[in-house]
Amino acid sequence: MTKADRSIAAQFKEKLIQKGLEQRLQKIQTAPASGAQVGGSDIPEAFTRFDRQPGYQQVHLMQEGAERFGVKSPFFHVHQGTAGAHSAIDGQRVINFGSYNYLGLSGHPAVNAAAQDAIAQYGSSVSASRIVAGERPLHRQLEKALA
C-alpha cells in the first residue's frame with residue numbers, strides 16, 4: 001500500500017467515524033424518552049436517569065469521538081490560579097476561551113476584599129430566593145448603583 005493509499009484510507013476511516021458519531025448524535029437528539037414506572041406513574045427515563053439526559057449523552061459522544069480521533073478530551077481540565085483570558089493547565093500557559101472573567105475582576109484585590117467583607121457580615125449564601133428568604137441590604141445597594 002502506498003503512502004497516498006494509506007492517506008486516503010485514513011481519511012475514509014475518519015469520515016466513517018465522523019458519520020457514525022453524527023448519526024448517534026442525531027439519534028440522541030430525536031429519540032423519544034422511554035417510560036419508567038416511578039411511584040405508579042409513567043415518567044420518561046430521561047427524567048429519572050442521569051445517563052439518559054441528552055446533555056450527558058452529547059458530552060459522552062464528544063468524548064468518545066475525541067478518543068477515536070486520538071484527540072485529548074477537552075473536558076475537565078484543571079486550571080491553576082484565577083481564570084481569565086489566559087490560564088495555566090499542567091503548568092503551561094494557554095488561552096482560555098471558556099472564562100467569564102471578561103473585565104479581569106475575578107481575583108482583583110479590591111473585589112476579593114469586598115467579597116470577604118460581605119461573607120464575614122452576611123455569610124456565603126442567602127439560602128433561598130429573595131421572595132422566599134428576604135433580601136440583604138447589598139441587593140438594594142447593587143440595584144441603586146446599577147440604576
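The values are calculated or read from the model by the stated rules, or taken from the named source; none is laboratory data. Given the structure is predicted, the values throughout are model-derived calculations rather than measurements. No Cβ is skipped: glycine too gets one built from the backbone with ideal geometry, and neighbour counts run over all protein chains shown. Protein only, heavy atoms only, side chains kept; ligands, DNA and RNA dropped before computing areas. Shrake-Rupley method; radii C 1.70, N 1.55, O 1.52, S 1.80 Å.
Structural remarks
- The residues of the stretch 85-98 that are touching a His at 6+ places or on another chain (Cβ under 9 Å), in a strand (DSSP E or B) and not small (Gly, Ala, Ser), listed by number, are 89, 93, 94, 95.
- Residue 114 vs. criteria over 26 Å from residue 83 (Cα atoms) and open to solvent by less than 70 Å² (accessible area, probe 1.4 Å): no
Each row is one residue, and each column tells you yes or no for (1) part of a helix (DSSP H, G or I); (2) farther than 30 Å from residue 105 by Cβ.
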{"site": "51", "(1), (2)": "yes, yes"}
{"site": "57", "(1), (2)": "yes, yes"}
{"site": "64", "(1), (2)": "yes, yes"}
{"site": "70", "(1), (2)": "no, yes"}
{"site": "75", "(1), (2)": "no, no"}
{"site": "83", "(1), (2)": "no, no"}
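- Screening 124, 106 for residues that are open to solvent by 50 Å² or more (accessible area, probe 1.4 Å), at pLDDT 85 or above, touching a Phe, Trp or Tyr at 6+ places or on another chain (Cβ under 9 Å) and over 30 Å from residue 23 (Cβ atoms) leaves exactly one candidate, 106.
- Just one residue in the set 28, 17 is modelled with pLDDT under 80, over 30 Å from residue 111 (Cβ atoms) and in contact with a Lys or Arg (Cβ under 7 Å, 6 or more places away or on another chain); that residue is 17.
- Residue, surrounded by the fewest Cβ atoms within 10 Å (Cβ to Cβ), within the stretch 71-92, restricted to residues that are among the small types (Gly, Ala, Ser) and at pLDDT below 85: 73
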